[in-house]
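The structure's right below; bear with me while I get my questions together.
The values are calculated or read from the model by the stated rules, or taken from the named source; none is laboratory data. Note that the structure is a prediction, hence the values are computed from the model and not measured. Quick reminder, even Gly has a Cβ in these numbers, built from the backbone with ideal geometry, and neighbours come from all protein chains shown. For the accessible areas, the whole protein counts, side chains as well, though only heavy atoms, and no ligand, DNA or RNA atoms are used. Shrake-Rupley method; radii C 1.70, N 1.55, O 1.52, S 1.80 Å.
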Amino acid sequence: MESSELKRSKDSVNSCESARRSSFPDEVLERVLSLLKSHRDRSSVSLVCKDWYNAERWSRTHVFIGNCYSVSPEIVARRFPRIRSVTLKGKPRFSDFNLVPENWGADIHAWLVVFAAEYPFLEELRLKRMAISDESLEFLAVSFPNFKALSLLSCDGFSTNGLAAIATHCKNLTELDIQENGIDDIGGSWLSCFPESFTTLEVLNFANLTSDINFDALEKLVGRCKSMRVLKLNRSVSLEQLQRLLVNAPQLAELGTGLFSQELTIREYEELESALSNCKNMHTLSGLWDATGIYLPALYLACTHLTFLNLSYAALQSVELAKLLAHCPQLKRLWVLDTVEDKGLEAVGLNCPLLEELRVFPADPFDDEIVHGVTEAGFVAVSFGCPRLHYVLYFCRQMTNAAVATIVQNCPDFTHFRLCIMNPGQPDYLTNEPMDEAFGAVVRTCTKLQRLSVSGLLTDLTFEYIGRYAKNLETLSVAFAGRSDWGMQCVLGGCPKLRKLEIRDCPFGNAALLSGLEKYESMRSLWMSACNVTMNGCRLLAREMPWLNVEVMKEDGSDDSQADKVYVYRSIAGPRRDAPPSVLTL
Amino acid sequence: MDGGLVLLGGGSGGNGGGGGSSGVSTTESAVLSKVEVVSEACSYPAETELELGLGLSLGSGGSSTGKTKAANSSWGECGRILTAKDFPSVVSQRTNNGGPSSVAVSGTKRAAESVSHDSGSPTGVSQVVGWPPIRAYRMNSLVNQAKAQRGDEGDSGIGEKDKPKDALKKKLNYNGKQTSSATVNEKGYLGFVKVNMDGIPIGRKVDLNAHSSYESLAQALEDMFLRSANSLEKEPLTMASKLLDGSSEFVLTYEDKEGDWMLVGDVPWRMFVRSVRRLRIMRTSEANGLAPRFNESNDRQRSKPI
């Protein structure tokens, strides 16, 4: 503590200008700034003057790093001495769809080593798309005595053994959140590793795991962790077991069930129904694997205050969904499979006037022989009934320009519009025209739009619209679209707030790539794969822009001059040294 | 006489993803010759083979020649339960499966098909790596759900992505090794549906999980209901079934989750399994209104053009 105080007074002496102007003691400034949570606000604050820069860095306890290669752990530790919580994101988003080689990088270990030295009191670590091994998890578990919260989303490289290490050593753990990871699921004994004396867990999410768990250990754990508010089970937990857990944890605010189908007696059904309805605080419900109409009614009484319902693992039919939604008047977020079809979405429009977010996932994404799932009609129906809708992710097999125009007219407040017409390059199925006007309507009408994913048959006109109108757009995802370089140039020339641009299978080449030279430094990253960019174009980009890392991933058997996959991102850490041989840094 | 409960097979029918009606000629003669051999129970004139072959292409899947080589055609053409395929008006535009035959091979990257932005018929979804953009985790869950419902299926379709195929395969292995047994057991009871046959007072139950196709189901139903009734030709073949005398006396129908009665065979197997509540082997004469031109075609099916 002493050395830090010395350091601070030295800094304030240096900033004589602000010392003259304001007699604000550092401590007060720091106290005020410590109330700032948003990292963007904090970034702005740190630019005001040296005093504020220092006050901000000393008061910051949480650091958010959107691209782990944009900065090094040493740089972070140097600037922010008092970090207790870190959020790190690694691989490009398209790694979720297997477009990034497995050993690409984004390994957490180097960070952990630095953190162990500089932030021994680290409490929280939230990782997305990072590679993390069991050794790293064990290192984490033993290096930070105050460690409280671990959240892993879309990560890979670890197994349940790593979880066992966490359970064994983290005496103060409050949160263990394992979501959608490529985890090597060896077995369930990790749950038994929580000591008998351990009672602090508030969040436990192991829905990701597929293997059987030690239910006895789980039951005891839930029983003694009285502050538990989030519990998300995996498939192996049966309805009967669920009932037993709920009886001991009626305080749960978020519940993820296990398998929601089993032969129950009448009595068992009633017990389940009763246990569920006793969870008066429940606002989020998920899991529900294989749920069918038979047992859904057990949920009805529990849904009164529900705001988030995730049915994306339950292949419900429209009637089943309609009946369930009649009991969910407060719903704000809904995720479903397209087995509910347009009829089900009509029920959404009728029953959920407060709805803000809708995600419709395809149950059969690869079967495009038969038209089923949802169509434009379902989306339109929702838009009529849910004027507050602002976040949509919609997978469908047909769409029209007119429908989209209607939708955004009904719901002009979209912030996230992600439309996936699953057949690449498919036109408006009624008029056979490109879908340009649809997305034109979106960007013209939805002035708050931050994130856009386009699909269907699109010419450069779509991108003209985007560049011209999407003034708040931060993330754009493009696939199988566009006609020429002009399209991409429009986007790079417009869209002042663009941060992430990801493009695949589009006819954009070097001219387009290079038109964004200036722009890329204000962006987090650019991804281009299966486009017309060449190695020479990438080399030129790398040469002109020293603060950008330009990485090319080559595929086997491709032309030497083609740059199959390009990933460009700004960085103050310089080119990375841990790239595998398939990734060339230019 | 012989109560042969048969779902229309007919090797000459559609192949694979088609529903197409071509290619009848070569198999036709083979079929006919078989029919002649077993003739007395079968009173269908020759042309019947043609449109019968049009029907539900059970067990064909491209193996039409194989089928007719086997003597099973002897049963197929002489009596069967009509299904939706017998009524082309009911069958949807499955025949328009143009362009790339994207039959159920999910996620596989087919060689050399570049996506043409100008083409009116875009390449199928199944041809592209990493598309549609669904997280690998969710994809695995879908695979396991589908596997559990089907009870089989090499899901290599989804797993065989091009580059990081190992990654996804690895992930599938994690899930696959446990889920297939657990979930099939869990879903076991859901797989049983009641089956009633007109004229038979006692109903039976059939486990849908044990079948992956309509022909397999038909086989099982046949065994169940007609094994005792029929004592004639017992061909020891996978698709063998008993001969049924008379016209197509029975139709296989099902009640779906919304209470509607439909002809079996109209929708893909997976969809059927998800929505079926119970089955009924109905007398043809009672199956009015199940298909638009049913009555009409009842008389005319024998001479229905291909």
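What is the sum of charges, Lys and Arg at +1 and Asp and Glu at -1, for the other residues whose Cβ falls under 14 Å from the Cβ of A:L354? Could you put the intermediate results ahead of the total?
Working: positive: A:K332, A:R333, A:R388; negative: A:E356, A:E357, A:D413.
Neighbourhood net charge equals 0.
Please list A:522-533, A:69-80, A:430-441 highest first by mean number of surrounding beta-carbon atoms within 10 Å per residue. Walk me through the numbers on the way to the answer.
Details: A:522-533: 21.8, A:69-80: 17.3, A:430-441: 20.0.
Top of the packing list down: A:522-533, A:430-441, A:69-80.
Separate question: Using Cα centres only, tell me the gap between segment A:41-88 and segment A:160-213 in whole Å.
Segment A:41-88 and segment A:160-213 have Cα centres separated by 30 Å.
In peptide A:91-99, how many Cβ atoms from other protein chains are near each Cβ within 10 Å, on average?
Working: counts 0, 0, 2, 2, 5, 8, 13, 15, 8.
Mean number of neighbouring Cβ atoms from other chains: 6.
Now a separate question. If you restrict to DSSP beta bridges whose two residues both lie in chain A, what percentage is antiparallel, to the nearest 5? All intermediate terms of the calculation are to be shown ahead of the outcome.
On the way: 15 of 88 bridges.
Restricted to chain A, the bridges split so that about 15 percent are antiparallel.
Now, a different point. Determine the gain in length on full extension of the stretch A:D559-A:K497; use 0.36 nm per residue of separation and subtract their C-alpha separation, reporting nm with one decimal.
On the way: separation 62, 0.36 × 62 = 22.32 nm, distance 3.49 nm.
So the chain would gain 18.8 nm between A:D559 and A:K497.
Could I ask something else about it? Given a 1.4 Å probe and heavy atoms of the protein chains only, how would you sort B:R270, A:R504, largest accessible area at the top? Mind showing how you got there, number by number?
Details: B:R270 50, A:R504 15 Å².
From most accessible down to least: B:R270, A:R504.
Classify chain A from the C-alpha gyration tensor, please: rounded if a/c falls under 1.5, else prolate or oblate depending on whether a/b exceeds b/c.
Details: a/c = 1.60, a/b = 1.06, b/c = 1.51.
Taking the square roots of the gyration eigenvalues as a ≥ b ≥ c, chain A is oblate.
For segment A:429-586, give the share of DSSP beta bridges that are antiparallel, in percent and rounded to the nearest 5; count only bridges with both residues there. Write out the running numbers ahead of the final one.
Working: 15 of 29 bridges.
Percentage antiparallel, nearest 5: 50.
If A:K332, A:K519, B:K194, A:K89 are ordered by their accessible area, calculated over protein heavy atoms with a 1.4 Å probe, which sequence runs from highest to lowest? Don't skip to the answer; put the middle values down first.
Details: A:K332 85, A:K519 30, B:K194 120, A:K89 50 Å².
Final ranking, largest accessible area leading: B:K194, A:K332, A:K89, A:K519.
Would you mind telling me the share, in percent, of accessible area of segment A:177-262 contributed by carbon and sulfur at probe 1.4 angstrom? Write down the numbers at each step before the final one.
Details: 1230 of 2720 Å².
The value for segment A:177-262 is 45 percent carbon and sulfur by accessible area.
Is the C-alpha gyration tensor of segment A:241-289 telling us rounded, prolate or oblate? Criteria: a/c under 1.5 is rounded; beyond that, a/b larger than b/c is prolate, otherwise oblate. Write out the running numbers ahead of the final one.
Values: a/c = 2.18, a/b = 1.32, b/c = 1.64.
Oblate shape, in that a/c is at least 1.5 and b/c is the bigger or equal ratio.
Here's something else I'd like to know. First measure r as the distance between the Cβ atoms of A:T431 and A:T200, then evaluate 1/(1 + (r/R0)^6) with R0 = 60 Å and state the FRET efficiency to the nearest 0.05.
Numbers: r = 60 Å, r/R0 = 1.00.
Once rounded, the FRET efficiency stands at 0.50.
Is segment A:312-437 best put as rounded, prolate or oblate by its Cα gyration tensor, with a ≥ b ≥ c the root eigenvalues, rounded for a/c under 1.5, and otherwise prolate when a/b is larger than b/c, oblate when not? Before the final figure, lay out each step's value.
Details: a/c = 1.98, a/b = 1.24, b/c = 1.60.
Note, shape of segment A:312-437 comes out oblate.
Continuing with the same structure: For segment A:464-586, with only Lys/Arg (+1) and Asp/Glu (-1) charged at the beta-carbon, what is the dipole magnitude about the Cα centre, in debye rounded to 20? Show your work: numbers first, answer last.
On the way: 16 positive and 15 negative charges, 109 e Å.
Once rounded to the nearest 20, the dipole reads 520 debye.
What distance in nm separates the simple spin-label points at A:R539 and A:V48, each placed 7 Å from Cα in the Cβ direction?
4.9 nm
Please tell me the relative contact order of chain A in percent, rounded to the nearest whole number, where contacts are Cα pairs under 8 Å and at least six residues apart.
So the answer I get is 6 percent.
While we're here: What number, rounded to the nearest 500 deg cm²/dmol, is the helix-based mean residue ellipticity at 222 nm of chain A, given -39500 (n - 2.57) per DSSP H run of at least four residues and division by all its residues?
Numbers: 21 runs with 198 residues, N = 586.
About -9500 deg cm²/dmol.
Here's a follow-up. Based on the mean of other Cβ atoms within 10 Å per residue, sort peptides A:446-456, A:109-119 so the most packed one is first. Show your work: numbers first, answer last.
Details: A:446-456: 21.9, A:109-119: 17.8.
Ranking, from highest mean packing down: A:446-456, A:109-119.
Sticking with this structure for a sec: Kindly state, to the nearest 0.05, the FRET efficiency for B:D198 paired with A:T304, given R0 = 56 Å and r defined as their beta-carbon distance.
My answer for the efficiency is 0.75.
For segment A:525-566 and segment A:369-422, what is the separation of their Cα centres, given in Å?
One Cα centre to the other: 35 Å.
So, R0 is 22 Å and r is the distance between the beta-carbons of A:V247 and B:R277; what FRET efficiency does that work out to, to 0.05? Don't skip to the answer; put the middle values down first.
On the way: r = 33 Å, r/R0 = 1.50.
Efficiency for this residue pair is about 0.10.
Right, something else. Taking a 31 Å limit on the Cα-Cα distance, which of the listed pairs A:K148/A:K448; A:K89/A:K148; A:K89/A:K280 fall beyond it?
Details: A:K148/A:K448 36 Å; A:K89/A:K148 19 Å; A:K89/A:K280 35 Å.
The answer is A:K148/A:K448; A:K89/A:K280.
Quantify how strongly other chains surround peptide A:419-431 by giving the mean number of their Cβ atoms within 10 Å of each of its Cβ atoms. Kindly include the intermediate steps, with their values, before the conclusion.
Details: counts 0, 4, 2, 6, 9, 11, 9, 4, 2, 0, 0, 0, 0.
Mean inter-chain Cβ contacts per residue within 10 Å come to 4.
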